[in-house]
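Presented below is the structure to which this report refers.
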Amino acid sequence: MKIYKFLSLLFIAITLLSFSSCSSRDDDDNPQDTTPGNLQIKFENGFNNLGNIVLNQTVQTSSQGQKHNFSTLKYVISNITLIDENGKEFRYNENNPDKGAFIIDQADAVAGVVYLNLNDIPKNNYKKIKFGLGISQNAYLLGMDGQAEFWNRAKQKGMSWSWAAGYVFVKLEGKYGTGSATTEFMNHTGNMGKVTENNTPDLYREVTLNLPTTARVNGKIRPSIHILADLNQFLSGEKPLILTESNAMLMGSSQHLVDVTNNLTKMFKVDHVHND
Ligand SMILES: [Cu+2]
């Protein structure tokens, strides 16, 4: 009986040893371990000199001296792409709005931050992030059936017109004025349906941002890319804009909204990356 007891103890010891050598092998540095990971993206909407935007509360003065605030601040992000150290791209559900498009709504912000959680990201060290502001024509042209889920979500969030017109890309509403912000405005940007057929501007824009530190995605670390959006770009951007009676209530892709789009395209920057 004693020899059996000894053998079974030996067996347990060997099993334990092989387990521990196994677990020491799937370290972060093991190139053989290709377990995909998750990634979080944080969007923090603010005025760079005032901090987070509180809807109906935070009042900013534009470079042209106009007071303004926001009651609604929403935009669509899609076609998120991660670029590694060698310039290789991972495209997250490209041109598939049901899985790869998101609505950033300041009303959903928790302590100033709106969170996106992406799953099944290939293990890699990423140096850049690229994303679309709005919905690309390639995605829109899939038709309503090709994006029924996201189209419904957009509807619920007030980020759609009729299907023929399509999505609202950026929805800004609030008040503006000289001495104080008292006059209502609404600037809703977006494409007027099929832009080539309708001969209208395409307001979909892609933004590429460098990461100040590498985002190390693997099975154990879920990095978080913390993006700041500086809404000063709206009126005080590359092209300073003044809200007037003629442009304060606009929807679509007219020239003022093209200007707004071009300004907003420059509002994003990655402030920092968390690797934990
Ligand atoms: Cu952060």
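The values are calculated or read from the model by the stated rules, or taken from the named source; none is laboratory data. This one's a predicted model, so the numbers in the text were calculated from it and none came from an experiment. Note that we place each Cβ from the backbone using ideal geometry, even for glycine, and neighbour counts take in every protein chain shown.
Values computed for the structure shown
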| item | result |
| --- | --- |
| Given (1) more than 27 Å from G46 (Cβ to Cβ); (2) free of Cβ contacts under 8 Å to residues at least 60 places away in the same chain; (3) touching a helix residue (DSSP H, G or I) at 6+ places or on another chain (Cβ under 8 Å); (4) polar (S, T, N, Q), number of the condition S160 does not satisfy | (1) |
| Filter result (surrounded by 17 or more Cβ atoms within 10 Å (Cβ to Cβ) and either modelled with pLDDT under 95 or more than 16 Å from the ligand (Cβ to nearest atom) (or both)) within region 210-239 | V217, N218, I221, L231, N232, Q233, F234, L235, S236, G237 |
| Breaking point among (1) over 23 Å from A215 (Cβ atoms); (2) of a type in the set (A, V, I, L, M); (3) within 16 Å of the ligand (Cβ to nearest atom), for V113 | (1) |
| Whichever residue in region 237-276 is under 22 Å from the mean Cα position of the chain (by Cα) and of a type in the set (S, T, N, Q) and, among such residues, is nearest to P212 (Cα to Cα) | N275 |
| Residue among I77, I104, I121, I129 that alone is touching a residue at least 24 places away in the same chain (Cβ under 8 Å), buried (at least 17 other Cβ atoms within 10 Å of the Cβ), over 28 Å from A181 (Cα atoms) and within 16 Å of the ligand (Cβ to nearest atom) | I129 |
| In region 6-65, residue farthest from N275 (Cα to Cα) [restricted to those that are of a type in the set (F, W, Y) and modelled with pLDDT under 95] | F6 |
| Residue match in region 173-185 (condition: within 16 Å of the ligand (Cβ to nearest atom), among the hydrophobic types (A, V, I, L, M, F, W, C), closer than 20 Å to N263 by Cβ and part of a strand (DSSP E or B)) | no |
| Selected residue (only one of V195, V258, V207, V273 is within 16 Å of the ligand (Cβ to nearest atom), in contact with a Leu (Cβ under 9 Å, 6 or more places away or on another chain) and on the phi < 0 side of the Ramachandran plot) | V273 |
| E44 vs. criteria within 16 Å of the ligand (Cβ to nearest atom) and among the charged types (D, E, K, R) | yes |
| Spans of strands (runs of 3 or more DSSP E) in region 202-276 with at least 1 residues of a type in the set (D, E) | 205-217, 224-230, 268-274 |
